[in-house]
Amino acid sequence: MAVYEYKAIRPDGRVTRGVIDADTPGEAVEQLRIRGIYVTDITSVEERFRRRRMPLLGRLRGVSMSELAVVTRQFATLVRSGVPLAEALQALTRQTESQQLQTTLRDVREKVTQGMSLADALALHPQVFSDLYVNMVRAGEASGTLDAILARLADYLQKQYRLVSRIWAALTYPIMMVCIGTGVVLFLMTYLIPKVLNILKARNQPLPQITLIVKAVSDFILNYWPFLIVGVVGLVTFLSLASKTKTGKKRIDSLLLRLPIVGALFRKQAVSRFSMTMSILLRSGLPVIRSLEIVRDLVGNEVV
């Protein structure tokens, strides 16, 4: 019997965390469901400890969405061809180039060989397989349509990857223009304008009001640039810490949605992700309530 840490929703709607003893993640989820507690995330204490001991580079690199989509597509093909799960997982381990994914698939294969269901084995690796992925595989195992479910998952992951790629491509030009513009302004304020002002001073020419304002801004940047850098770093640190709290993340997400141009992109991304995820979950046979619980954690925006 293993010990599992879980995050769940109580009948009154509040989020709760705790630990539970069970033989498998599925059994733990079922025990909590009987109590009226709906699990949104579950991890074995042993697996959490093992991940903490993983090399730092392995943790940072992670598994990309495109890599997972390719592996899922190959998995669907192998299952459709009648290859046993253990052999299919072994073949996938040999084919993938991601070290973390190889380690994960090797562990999943070991658990499946020991008698654990595929969904329960995948649930032990939430850093790679999301709640959506695990629940769809569980639905596929129960209905006997695992190959079709895996094919849908591969399609979904590829669509999500293309969506994210298009959004970043759309944001690249504005971000590049902002960076170039900021660099030009800093160059003017800290180098060119002081030289021009020194020339005007040497000629004892009176300076217009707008020029005096520009001079004051330039002097401020030159004299207090260390404090400006500290302020920027402090702001980034504050936003990073705030985004880890529910209230802070909700306010940041609300601000992002109100930004001109960029806000519309974030809103469309959230709506698109919600629509695609709900569609694939409902087509896979998951109940509406459970599908909404999964989608809520995957939309990526607290306001939406």
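Annotations for the structure displayed:
- Rounded to the nearest 10 degrees, the inclination of helix 25-34 to the longest alpha-carbon principal axis of the chain is 90 degrees.
- Within the listed set Asp147, Asp219, Asp41, the residue fluctuating most in the Gaussian network model of the chain (springs between alpha-carbon atoms under 10 angstrom) is Asp219.
- Long-range lysine pairs (8 or more apart or interchain), the chain, Cα under 24 Å: 12
- Placing +1 on the Cβ of every Lys and Arg and -1 on the Cβ of every Asp and Glu, with no other charges, gives the chain a dipole of roughly 1220 debye about its Cα centre.
- q = 0.10 Å⁻¹: log10 I(q)/I(0) that the Debye formula gives for the chain, counting C-alpha atoms only: -0.70
- With the simple model of a label 7 Å out from the Cα in the direction of the Cβ, Lys268 to Arg35 spans 4.5 nm.
- Semi-axis lengths (Å, descending) of the ellipsoid that matches the C-alpha gyration tensor of the range 83-232: 63, 16, 13
- Principal-axis tilt of helix 85-95 within the chain, Cα atoms, nearest 10 degrees: 30
- Scoring 184-190, 228-234 by mean Cβ neighbours within 10 Å over their residues and listing the highest first yields 184-190, 228-234.
- Rounded to 10°, Cα long-axis angle of helix 193-202 versus longest principal axis of the chain: 10
- Added length on full extension, which subtracts the Cα-Cα distance from 0.36 nm per residue, Leu228 to Gln102: 40.8 nm
- Ordering Gly144, Pro260, Tyr6 by the projection of their Cα atoms onto the charge dipole of the chain, which places +1 on the Cβ of Lys and Arg and -1 on the Cβ of Asp and Glu, puts Pro260 at the extreme positive end.
- Summary value for the chain: 14 percent relative contact order, contacts being C-alpha pairs under 8 angstrom separated by 6+ residues.
- You can think of it this way: the chain between Asn198 and Thr172 has 5.5 nm of extra reach, that is 0.36 nm per residue less the Cα-Cα gap.
- Convex hull volume of the range 150-304 per residue (C-alpha atoms, cubic angstrom): 140
- Relative packing of 165-177, 264-276, 128-140, which averages over residues the other C-beta atoms within 10 Å, highest first: 128-140, 264-276, 165-177
No value in this document is a laboratory result; all are computed from the given coordinates. Being a predicted model, the structure only gives us computed values, none of them experimental. Note: ideal-geometry Cβ built from the backbone for every residue, glycine included; neighbour counts use all protein chains shown.
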